[in-house]
Amino acid sequence: MKIRVLIADDHPLFRAAMCQALSDSVGPNILQASTLNETLCQLDANPDIDLVFLDVKMPGNDGLIGLSEVRARYPDVLVVMVTAIEEANLIRKALSLGACGFIPKSASIECIAEAVERVLDGEQWLPESAANLTNDETDTDDFSGKLAMLTPHQLKVLRMVADGLLNKQIAYELDISESTVKQHVSAVLRKLNVINRTKAGIAFKHAMAVHE
């Protein structure tokens with residue numbers, strides 16, 4: 001099985017354990033990143049990456065923001081979330097945002113190898129504790145599904161709106177015109193079916209939140 005994998009986690013020991021778990025199935029085709037920014041840079045520089053193991057908690061990744069950004073910018077890349085937080089609502093949110101698997105950090109090497117095989121076969125992989133989660137249940141998180149319809153630029157604008165930035169500030173940060181920002185905001189409100197930017201920002205933060 002010749003695939004290329006990116007392990008995105010800020011703990012070197014966990015990355016080393018993942019490399020060991022994947023050595024038989026993936027071999028040397030494993031890249032690493034310790035922040036969300038490094039993750040995106042690796043994906044930019046290596047378009048042949050097939051699968052990303054993405055930590056829920058690492059620098060630059062606040063909850064599921066990293067997942068939403070990776071899915072928006074690289075829709076063909078498979079993303080498996082890894083975390084020490086095994087919480088049903090978090091798993092449902094991650095699946096509705098396009099994650100194809102969810103691996104607890106306590107998983108054995110055998111479990112990780114099985115997860116990789118299942119995901120590459122086009123299936124979802126979840127821990128036994130989440131075996132009762134069905135696709136129908138993930139559909140209940142309607143807002144997360146709508147987020148998946150945003151373009152990468154619209155998602156960036158929404159993140160900045162949620163952080164309280166004004167249109168002028170967003171235009172400066174993204175090096176675009178204020179008129180373009182207004183167009184993005186209007187498109188975001190329409191796609192998310194919310195009446196104003198305040199509600200959009202609040203809903204976004206709620207959808208991305210991770211409760212330990």
- [ ] When a/c is below 1.5 the answer is rounded, else prolate if a/b is larger than b/c, else oblate, so apply that to the range 1-66 with a ≥ b ≥ c taken from the square roots of the Cα gyration tensor eigenvalues.
- [x] oblate
- [ ] Report, to the nearest 10°, how far helix 109-120 tilts away from the longest principal axis of the Cα atoms in the chain, using its own Cα long axis and a range of 0 to 90°.
- [x] 60
- [ ] Rounded to whole Å and sorted largest first, list the principal axis extents of the Cα atoms in the range 67-120.
- [x] 30, 24, 13
Open item on the list: For q values of 0.12, 0.14, 0.15, 0.24 Å⁻¹, compute log₁₀ I(q)/I(0) with the Debye formula on a Cα-only model of the range 2-110, without solvent.
Closed with: -0.35, -0.48, -0.56, -1.54
Task: Distance from the range 87-118 to the range 153-198 (C-alpha centre basis), Å - done: 32
Open item on the list: Can you find, among Leu95, Ala113, Leu165, the residue sitting farthest towards the positive end of the charge dipole of the chain, where Lys and Arg contribute +1 and Asp and Glu -1 at Cβ?
Closed with: Leu165
Open item on the list: Apply the a/c threshold of 1.5 to the C-alpha gyration tensor of the range 157-212 and tell me whether it is rounded, prolate or oblate.
Closed with: oblate
TODO: Return the carbon/sulfur percentage of the accessible area of the range 36-92, one whole number, probe 1.4 Å, all protein chains in place.
DONE: 47
Open item on the list: Can you tell me the orientation of helix 178-192 relative to the chain, as the angle in degrees between its alpha-carbon axis and the longest Cα principal axis, to the nearest 10?
Closed with: 60
Task: Of Lys57/Lys156; Lys105/Lys205; Lys105/Lys191; Lys168/Lys199; Lys182/Lys205; Lys2/Lys146, pairs whose Cα-Cα distance is over 27 Å - done: Lys105/Lys191; Lys2/Lys146
Task: Peptide ranges 55-68, 97-110, 37-50 listed from the most packed, as the mean C-beta count within 10 angstrom indicates - done: 55-68, 97-110, 37-50
Task: Convex hull volume of the chain per residue (C-alpha atoms, cubic angstrom) - done: 114
TODO: Excluding Leu40 itself, calculate the net charge of residues whose Cβ lies under 9 Å from the Cβ of Leu40, where each Lys or Arg counts +1 and each Asp or Glu counts -1.
DONE: -2
Open item on the list: For the chain, give me the percentage of DSSP beta bridges that are antiparallel, rounded to the nearest 5 percent.
Closed with: 10
Open item on the list: At 1.4 Å probe radius, can you tell me the per residue accessible area of the range 28-88 in Å²?
Closed with: 39
Open item on the list: Compute the helix-to-body angle for 152-162: its Cα long axis versus the longest principal axis of the chain, expressed 0 to 90° and rounded to tens.
Closed with: 70
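The values are calculated or read from the model by the stated rules, or taken from the named source; none is laboratory data. All of these numbers come straight from a predicted model, not from anything done at the bench. In this analysis, Cβ positions are derived from the backbone assuming ideal geometry, glycine residues included, and neighbour counts consider all displayed protein chains. Surface areas here come from the heavy atoms of the whole protein model, side chains and all, with no ligands, DNA or RNA. Shrake-Rupley method; radii C 1.70, N 1.55, O 1.52, S 1.80 Å.
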